[in-house]
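Only one structure is covered here, and it is reproduced in the block below.
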Amino acid sequence: MLYIHCPFCAEKRDEQEFHYAGEAFIARPVNPEECSDEEWGDYVFMRSNHKGWIWEQWEHVSGCRKVFVVKRHNVSNDIAATYTLAEGKQHFLEQYAAEESA
């Protein structure tokens, strides 16, 4: 059972109030009309699916109905933090930049 903090409602609530909305921050192709079927299929269906910390989108369907970002460990289900989409994108890019420079 997960307890997820909604950054909009500022409350930690039961997982049953939320709906998983997929991996966060997937880069959309710049020119989707020019993508091959294989490239489009990779964009739509392929996910990193690695063990460790992942960035996910969740919707608070039984509350404010807003979508937000959760940084969650997919083995232990520990939640590091929850963010609005704008805040989450900033933290995601900072982490990505730090990993690239290491």
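The residues packed around Pro32, meaning those with a beta-carbon under 13 Å from its beta-carbon, carry a net charge of -4 if Lys and Arg are +1 and Asp and Glu are -1. The share of alpha-carbon pairs in region 3-101 lying farther apart than 20 Å comes to 45%.
Overall, region 30-86 carries a charge dipole of about 620 debye about its Cα centre when +1 sits on the Cβ of Lys and Arg and -1 on the Cβ of Asp and Glu, all other atoms neutral.
Taking other residues whose beta carbon is less than 15 angstrom from the beta carbon of Met46, and scoring Lys, Arg as +1 and Asp, Glu as -1, yields -3. Its DSSP H runs of at least 4 residues, each contributing -39,500 (n - 2.57), put the calculated 222 nm mean residue ellipticity of the chain at -8000 deg cm²/dmol, to the nearest 500.
Charging the Cβ of each Asp and Glu at -1 and of each Lys and Arg at +1, and nothing else, the dipole of the chain about its Cα centre rounds to 520 debye.
Legend note: in the chain, cysteines whose Cβ sits 4.7 Å or more from every other cysteine Cβ are Cys35, Cys64.
Every number here is computed from the coordinates shown, using simple stated rules; none is lab data. None of these values were measured; they are calculated from a predicted model. A quick note on method: Cβ atoms are made from the backbone with ideal geometry, for glycine too, and the neighbour counts reach across all protein chains shown.
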